[in-house]
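Data first, discussion second: the structure below is written as structure tokens.
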Amino acid sequence: MFFLRPPVLLVTDLVYDHLYGRVRGMKTQAETSIRLFRRVKTVRIAENAGTDVAVFAVASASERPYCVLFPYRYYREAEQYIQDYPGVPAAVLLGRIRGSPAGTNLPGIRADTAGDYFKIGRAAAAFAGNQSGGKGDGGEGRQPGEILFLRDDLVSPEDWEAFNQGLKAEDYPLAPFEVRSGDDYVVPGTVACVVLTGAAEPFLGQNLTLPVILVSWLDPAVTNSMVKVVFDDSPWAQVVPAAAMAAGKREKADIPSKALVLEKRIAGKEFLRKIKSIIRQKDPDL
């Protein structure tokens, strides 16, 4: 029955496979297939493939798929596929993009960035307090360290507000030190935690040892020990609920990122429990 059921098709490419991690992707593919009780087949599109070729590759992968999920960068291919095969459920995984691409009415499924950034704010405040000997570490009354937030263009005003609400939820008293992705900067010595959402090279090149919360599709196995938590909003992190939404089996809603707490990199059992509790907690209405 497992192999006879229509599969879920996930469009991808070699660049994404390399970023996510090939072994990690194969493991996630198997786990996701078991959770959905149907095969999840990847359709890899060549970098220089035209729209027609890409659509043909998707159509050739299965005559009657359960649904087809396209990453945002393939929204043109998604638009063409939906026109050519109107009877097949399909959707575009928008990630942190707000709204469908201009001039289209594509069915889109978005990451729950407000909920993610609220948790990121709480976790960052906890790390900043812990690094400076804050609450729960015998340092009650001490001023927590600063938080550096490296933000890219996809961090919306709503995301920024949710992040700051997360800081307030942990009674964090300072304004975060904000840097735009691509800017040259030197991390002040008062910084005790870093949130990275953009290109990280300027930061990582400074060889610091601060705890980092990373918003990325990158395989955590290839990150250094500074990275303590990874918020993954990749297609693989969203495919289970997205498939149900695309097929009309579940009401459409923003999908939370898959937050990975890298336990072996976090010292202190009590503090680790606190971080895991923050990650697991349901978000308030933001």
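The values are calculated or read from the model by the stated rules, or taken from the named source; none is laboratory data. No experiment lies behind these values; they were computed from the predicted model shown. Cβ: placed from backbone, ideal geometry, glycine included. Neighbour counts: every protein chain shown. Just so you know, the surface numbers come from the protein's heavy atoms only, side chains and all, with ligands and any DNA or RNA stripped out. Shrake-Rupley method; radii C 1.70, N 1.55, O 1.52, S 1.80 Å.
Can you report the number of residues in the stretch 199-222 which are part of a loop (DSSP other than H, G, I, E, B) and either at pLDDT 90 or above or open to solvent by 20 Å² or more (accessible area, probe 1.4 Å) (or both)?
Here the count works out to 12.
Among residues belonging to the stretch 172-194 that are free of Cβ contacts under 8 Å to residues at least 24 places away in the same chain and open to solvent by 50 Å² or more (accessible area, probe 1.4 Å), point out the one that is nearest to K228 (Cα to Cα).
G189
Conditions tested, residue by residue: (1) in contact with a helix residue (DSSP H, G or I) (Cβ under 9 Å, 6 or more places away or on another chain); (2) touching a residue at least 12 places away in the same chain (Cβ under 8 Å); (3) closer than 30 Å to N130 by Cα.
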{"residue": "V229", "(1), (2), (3)": "yes, yes, yes"}
{"residue": "S234", "(1), (2), (3)": "yes, yes, yes"}
{"residue": "V239", "(1), (2), (3)": "yes, yes, no"}
{"residue": "A242", "(1), (2), (3)": "yes, yes, no"}
{"residue": "R250", "(1), (2), (3)": "yes, no, no"}
{"residue": "P256", "(1), (2), (3)": "yes, yes, yes"}
{"residue": "I275", "(1), (2), (3)": "yes, yes, yes"}
{"residue": "I279", "(1), (2), (3)": "yes, yes, yes"}
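I need the full set of residues from the stretch 119-131 which are open to solvent by 30 Å² or more (accessible area, probe 1.4 Å) and at pLDDT below 95, in order please.
Result: N130, Q131.
Report, by residue number, each residue of the stretch 241-276 that is assigned to a helix (DSSP H, G or I), open to solvent by less than 40 Å² (accessible area, probe 1.4 Å) and not β-branched (V, I, T).
Result: P241, A242, A243, A244, M245, A246, F271, L272.
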